[in-house]
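These notes concern the structure reproduced below.
The values are calculated or read from the model by the stated rules, or taken from the named source; none is laboratory data. These figures come from a predicted structure and were not determined experimentally. Here the Cβ positions follow ideal geometry from the backbone for every residue, glycine too, while neighbour counts run over all protein chains shown. Please note that ligands, DNA and RNA were not included when accessible areas were found on the heavy atoms of the full protein model with its side chains. Shrake-Rupley method; radii C 1.70, N 1.55, O 1.52, S 1.80 Å.
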Amino acid sequence: MDDAATAPDPHVTPITPTAPVAAVTHGGRAKCLQRLVRLEMPLPRTVALSFDTVHGIAAGRMPDIAALVAGFHAGALLCVRPSSGDPDWGGPGAILNIGMNEARCRALAPRLGEAAARALYLRFVESYAVHVARLDPDSFEGRDATHPDALAAALAAYEDEAEEPFPQDPVVQLSEVLRSMARAWEGTTARLLRQARGAPADAGLGLVVQEMALGLGPGECGSGVLQLVDPETGLPQITGRYLSQSQGREALEHGLASLYLGRDPRGPSLEELAPQAFEDLKRHAARMRERLREEMQIEFTIEDGGVHILDGIRVPRSARAGLRIAVRLAEDGVISRAEAVMRIEPRAVSELLHRQVAPGAPRAVIGRGVAASPGAASGRIVFTAADAQASAARDEPCILVRRETTPEDIRGMHAAAAVLTERGGMTSHAAVIGRGLGLPCVVGASRIRFHFKRRQIVDTEGRVFREGDVITVDGTTGEILAGSPAMVEAALDDAFTTLMDWADAARDIDIRANADTPADAQTARNFAAQGIGLCRTEHMFFEADRLTPMREMIFADSPADRQEALALLLPMQRGDFVELFRIMEGMPVCIRLFDPPLHEFLPSDRAGLRDLAEALDMAVSDVTRRVEAMGEYNPMLGLRGVRLGITVPEIYDMQARAIFEATLEASRDGAPVVPEIMLPLVSARREVELVRARIDAVAAAVRTERGRDFTYRLGVMVETPRACLRAGDIAQHVHFLSFGTNDLTQMTYGLSRDDAGRFMQAYVAEGVFSEDPFHVLDHEGVGELVSIGAERARRAKPGITLSICGEHGGNPESIAFCRAAGMDYVSCSPFRVPVARLAAAQLAIRDAWQN
Ligand code: PEP
Ligand code: MG
């Protein structure tokens, strides 16, 4: 024999325990099948074709198919399945029964029976005609397989449409199947589809050719799938189906006729029908779980009572099941705890924290916007905060629809099941508050038309949804749906807690929460935040009993009048802080002094102005004039933040006093409190010096009055580009710096955080921005400013505490950036804390594995 005849064909690799088969060259399925061979599973003979080989086939370079076929048992039927880098990328469907022809049909008739043999042949002709020869499916599908003329009619239809007889040669059949699958993978539509699912542009396809175990014939024959867990919950439970005299995944498609696997009160089971086969399957599945270190779904065939394993794939699973599966594998010692932590996608945790639209539920999409706060909720449309409150009073879930929300809508937001706004982006008011409350929210839904006067919204197809109609806001996907699809509930179970504990053990950067209210702080505690990184105090002034003294303070003509109004606000603020300190039990609480422009607290409509005039005993015209005089063309860049603290210093004085008095009160009967006071929108060192001097004076006064000592830490929010550049100067006067990347992004790009939603989708679609920079920190631009700031601050003051408190603090990619920049903690919305804990743990584990 000459060498060429004996040398193995490099294109075609029989799967043996030692064959050179790898996931990167042959795809995941081929590699998995090799593992099953190594485990000595009863697998029919299988051959793998590499990515290169399949690419060659698409280009017309066919390997020696006659030799390939000759490697199987004479007369065997074959099947071909795809083997790509990731099953989620899709790919051509499997083709079964290759090799079926007149001769095979006659040969199988004595064993299977005439009718079954003809039905098998018919099934192959139909699938070959539609999926390989790509003939019109209408000519081949829906034929009655039991009709005696069905096969002849299908063969005639084939000959008629293809203008040649149905191929009888198994070598021709297999060649055509391989060619068709290879070409389907290389088609533009298939490529775009898989790229949308995360596949690289040059992702390859491998193919596996396997001898068929028929699942048909005398004795107990059939096929099915089995797994050891419930795919929805991840709890141990044998699930799957079996169907006698069937092939492939038919058992799953014929729900009623199929058997349960284990004994089941709902109907007959494989365990009763073929107990030995059932035991064998369970044993194989348990061994796969242990040796492949994963919950596997097995596709099997039974032939005359004997089990054949055809394939094993990772059990498809819900987010909740994924988490429980990982935890159970680690608890059983199959994988390490670190590996369990690494197996969970941080975003999947976010899914667990909120109700979601059920994965298979029909979605009647009426519009899209920015997915600003995850979770889904259905309810009746309302257009005002007052209507939302009225709806809540009737116990009727509602969706608050607004052009954009303002601080005045907060009570309505509390009352609503979800919020939808026409305008806004990832860091606009509705988005920030929504995430804080764990309230599903879609903002910037600019393709829907909002008619606030007519109280209706209209989708692009002209469908009208009126006040009172039920819609669903899916804040996870950014979609608005008509009606109320089925939902799955949040799932914070013991597996979640266990995994998060393991994550915390690995984590090396602290996670705090942005929390403004006792409810937020409690959520933060429940999610194991290590303190509050940002308490936006202005959110405390919108309660009805505070708004009036707040407005009196704003309207005060003299310092004495102002002091009077502030004296009313002081005990309220003090009470807020005492409550926060008590909930956080000695953990750090970082309180940001008043930030927004004052006129945000004033009414803008006629009725509001009249109410205010009454409350202040002034003429409406005077009130209107004063409100107008306070208006600014660009309030975000106007008299706000520390600028207000310097020009109207009594406000910060009052807040500092409230903080210090609360510190003493909370420390009396609880853990000692060291409050952190943070100044917003700083851009110059002198601002810090001026405010610090006043706060120190207030601290000294409180110490003297109360005869007790306390300490506090002063910090600056670095959220203007100048503050980043001058961080060295600023650092010398403070204990900590916290990067406010919402404003910093806005100012670095010159891009309004409230208006960005209008064109963000177009900008991302065009590739101008790879991501919404309000969502994922822009490493190149904003990130460079942050790095410069961190580096200059540390050089000027080694040991200074550095952190981030913009919304990016809850985004996994941004956390990676902050950790690499050496920050001490990130602070994010309370509901994002678990996501941040997991993402941060994964970074630390990855580093440990690499070193
Ligand atoms: C910021 O600007 O990043 C920030 C956290 O503050 P706010 O969102 O309140 O402006
Ligand atoms: Mg800010």
>> What is the sum of charges, Lys and Arg at +1 and Asp and Glu at -1, for the other residues whose Cβ falls under 10 Å from the Cβ of CYS590?
In response: +2
> Summing Lys, Arg as +1 and Asp, Glu as -1, what charge do residues with Cβ under 13 Å from the Cβ of VAL370 carry, VAL370 excluded?
Replying inline: -3
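Of all DSSP beta bridges in the chain, what percent run antiparallel (nearest 5)? List each step's numbers first, then the result.
Numbers: 61 of 97 bridges.
Roughly 65 percent of the DSSP beta bridges within the chain come out antiparallel.
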>> What do you get for the angle between helix 102-112 and the principal long axis of the chain? Use alpha-carbon atoms, 0 to 90 degrees, nearest ten.
In response: 90 degrees
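Per DSSP H run of n ≥ 4, the term is -39500 (n - 2.57); total these for the chain, divide by its residue number, and report the mean residue ellipticity at 222 nm rounded to 500 deg cm²/dmol.
Working: 35 runs with 374 residues, N = 851.
Roughly -13000 deg cm²/dmol at 222 nm, from the helical runs in the chain.
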>> Net charge around PRO17, counting only other residues with Cβ within less than 10 Å of its Cβ (Lys, Arg = +1; Asp, Glu = -1)?
In response: +1
>> Given axes a ≥ b ≥ c from the Cα gyration tensor, I'd like to know whether the range 355-488 is rounded (a/c under 1.5), prolate (a/b larger than b/c) or oblate.
In response: rounded
> Where only protein heavy atoms count, and the probe is 1.4 Å, what is the accessible area per residue for the range 355-488 in Å²?
Replying inline: 38 Å²
> Principal axis lengths of the chain from Cα atoms, whole Å, largest first?
Replying inline: 107, 61, 53
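So for each of 115-125, 479-489, 697-707 I average, over its residues, the number of other beta carbons within 10 Å; can you give me the resulting order with the highest mean first?
Values: 115-125: 20.2, 479-489: 17.4, 697-707: 13.6.
Going from most to least packed, we get 115-125, 479-489, 697-707.
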> Which of the aspartates and glutamates could be linked to LYS31 by a straight reach, that is with a Cα gap under 13 Å, when you skip same-chain ones fewer than 8 residues away?
Replying inline: ASP86, ASP311
> Which of the peptides 550-563, 95-108, 712-725, 428-441 is most tightly packed, and how do the rest follow, judged by the mean count of other Cβ atoms within 10 Å per residue?
Replying inline: 428-441, 712-725, 95-108, 550-563
> Sorted by average packing, counted as other Cβ atoms within 10 angstrom per residue and highest first, what order do 662-668, 161-167, 740-746 take?
Replying inline: 740-746, 662-668, 161-167
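Mind listing which GluC sites (Glu not before Pro) in the range 751-836 are in a DSSP loop and have 16 or fewer other Cβ atoms within 10 Å?
On the way: sites: GLU766, GLU771, GLU780, GLU784, GLU791, GLU807, GLU813; in loops: GLU766, GLU771, GLU780.
Taking the range 751-836 and a limit of 16 other Cβ atoms within 10 Å, the loop GluC sites (Glu not before Pro) found are GLU766, GLU771, GLU780.
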>> For the range 449-483 and the range 680-748, what is the centre-to-centre distance using only Cα atoms, to the nearest Å?
In response: 44 Å
> With point charges of +1 on the Cβ of Lys and Arg and -1 on the Cβ of Asp and Glu, referenced to the Cα centre of the chain, which listed residue (GLN732, LEU329, ILE309) lies farthest in the positive direction of the dipole?
Replying inline: GLN732
>> Accessible area of the range 222-317 with a 1.4 Å probe: how many percent of it is carbon plus sulfur?
In response: 52 percent
>> Per residue, how much accessible surface does the range 140-276 expose to a 1.4 Å probe? Answer in Å², no decimals.
In response: 48 Å²
>> Report the Cα-based extents of the range 222-317 along its three principal axes, largest first, to the nearest Å.
In response: 32, 26, 21
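Any chance you could list the semi-axes, whole Å, largest first, of the equivalent ellipsoid that the Cα gyration tensor gives for the range 12-211, using √(5λ)?
Values: eigenvalues 173, 90, 41 Å².
Semi-axes (√(5λ), whole Å): 29, 21, 14.
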> Rounded to a whole number, what % of the accessible area of the range 79-221 do carbon and sulfur atoms account for, probe 1.4 Å?
Replying inline: 51 percent
> What's the carbon and sulfur percent of the range 700-851's accessible surface, probe 1.4 angstrom, rounded to a whole number?
Replying inline: 49 percent
